[in-house]
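These notes are about the structure you will find just below.
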Amino acid sequence: MAKGKILMVEDDASLAFVIKDNLCLHKYEVVHCDNGQDALAAFSKEPFDLCLLDVMLPKMDGFALAENIRSNNNKVPILFLTAKAMQEDRLEGFKRGGDDYITKPFSMEELVFRIEVFLRRTGKQDIVLQEYQIGEYTFNYEDLSLSYNSEKKHLTQKEAHILKFLCNNKNRVVKREEILIEVWGEDDYFLGRSLDVFISKLRKYLSKDERVYIFNRHGVGFEFIIEDH
């Protein structure tokens, strides 16, 4: 039985063969597409547990593909496979809905580890229901949802993971490196800039309740405040 179904979009035939072969050895089912348009068509026809997207793709690049996937599904983890390591490219990928980056060249051990981490978090490996009350909002970590009255916002895996960490550490200052190590597994300058993008998104999502806010403690980190009635 497959451990998960993965959509891999890579136009380098040799690299795609190596990745698919290794993932199949680790008991994953892999559907490979070599351009963005075919990948989007495949995604619309069948469910996937995770997407591996190259950035530089023919017909539709990885950023546009991720945005299209996110418009239909906010839960599936999206990992970018790219030779681009520029900070701007990383931020653009996160803005378009990506959850993580892995920069070429990479080891297969690292790729498999990243995939296993995401599939554990998305419920492929027994996530316990966790629900948080955030002022007037209800945050359900299991289904990646943030509800306000009758409105429901679906979060990406990274957004949900960061919000969960903030909820578990509310009303205290948490250092940036604490969040980075918890969510990404490392304290890195470029990841810190990516964290700022996610924090800005979360502030926007929580803006309807004035008793809920995320303070930026300059040079230290963030403080997630939930005021009582």
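The values are calculated or read from the model by the stated rules, or taken from the named source; none is laboratory data. As the structure is a prediction and not an experimental result, all values here were calculated from the model. Neighbour counts are summed over all protein chains in view; Cβ atoms, including those assigned to glycine, are modelled from backbone coordinates with ideal geometry. These area figures cover heavy atoms from the full protein model, side chains too; ligands, DNA and RNA do not enter into them. Shrake-Rupley method; radii C 1.70, N 1.55, O 1.52, S 1.80 Å.
Below are the figures for this structure:
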| read-out | value |
| --- | --- |
| Pairs where the first residue, in the stretch 92-109, is in contact (Cβ under 8 Å) with a residue 40 or more places away in the chain and part of a helix (DSSP H, G or I) and the second is of a type in the set (G, A, S) and open to solvent by less than 10 Å² (accessible area, probe 1.4 Å), C-beta under 7 Å, 6+ apart | F94/S194 |
| Selection within the stretch 198-212 - outside any helix (DSSP H, G or I) and open to solvent by 70 Å² or more (accessible area, probe 1.4 Å) | S207, K208, E210 |
| The one condition in (1) part of a loop (DSSP other than H, G, I, E, B); (2) open to solvent by 70 Å² or more (accessible area, probe 1.4 Å); (3) at pLDDT 90 or above that Q37 fails to fulfil | (1) |
| So L119, is it at pLDDT 80 or above, under 17 Å from the mean Cα position of the chain (by Cα) and more than 18 Å from L53 (Cβ to Cβ) | no |
| Lone unmet requirement of (1) closer than 30 Å to E116 by Cβ; (2) of a type in the set (D, E, K, R); (3) touching a strand residue (DSSP E or B) at 6+ places or on another chain (Cβ under 9 Å) for D209 | (1) |
| Yes/no for F215 being in contact with an Asp or Glu (Cβ under 7 Å, 6 or more places away or on another chain), over 14 Å from D100 (Cβ atoms) and not in a loop (DSSP other than H, G, I, E, B) | yes |
| The stretch 1-34 - residue that is in contact with a strand residue (DSSP E or B) (Cβ under 9 Å, 6 or more places away or on another chain) and assigned to a loop (DSSP other than H, G, I, E, B) and, of those, surrounded by the most Cβ atoms within 10 Å (Cβ to Cβ) | E10 |
| Breaking point among (1) open to solvent by less than 50 Å² (accessible area, probe 1.4 Å); (2) at pLDDT below 85; (3) more than 13 Å from the chain's Cα centre (by Cα); (4) closer than 19 Å to D11 by Cα, for K84 | (1) |
| Pairs where the first residue, in the stretch 134-158, is at positive phi and the second is of a type in the set (A, V, I, L, M), C-beta under 8 Å, 6+ apart | G135/L206; G135/V212; G135/I226; L144/L155; L144/A160 |
| Residue match in the stretch 175-185 (condition: of a type outside the set (V, I, T), touching a Phe, Trp or Tyr at 6+ places or on another chain (Cβ under 6 Å) and open to solvent by 60 Å² or more (accessible area, probe 1.4 Å)) | yes |
| Boolean, V55 is among the β-branched types (V, I, T) and over 22 Å from G4 (Cβ atoms) | yes |
| Among the candidates I78, I102, residue that is of a type outside the set (D, E, K, R), within 27 Å of V197 (Cβ to Cβ) and surrounded by fewer than 20 Cβ atoms within 10 Å (Cβ to Cβ) | I102 |
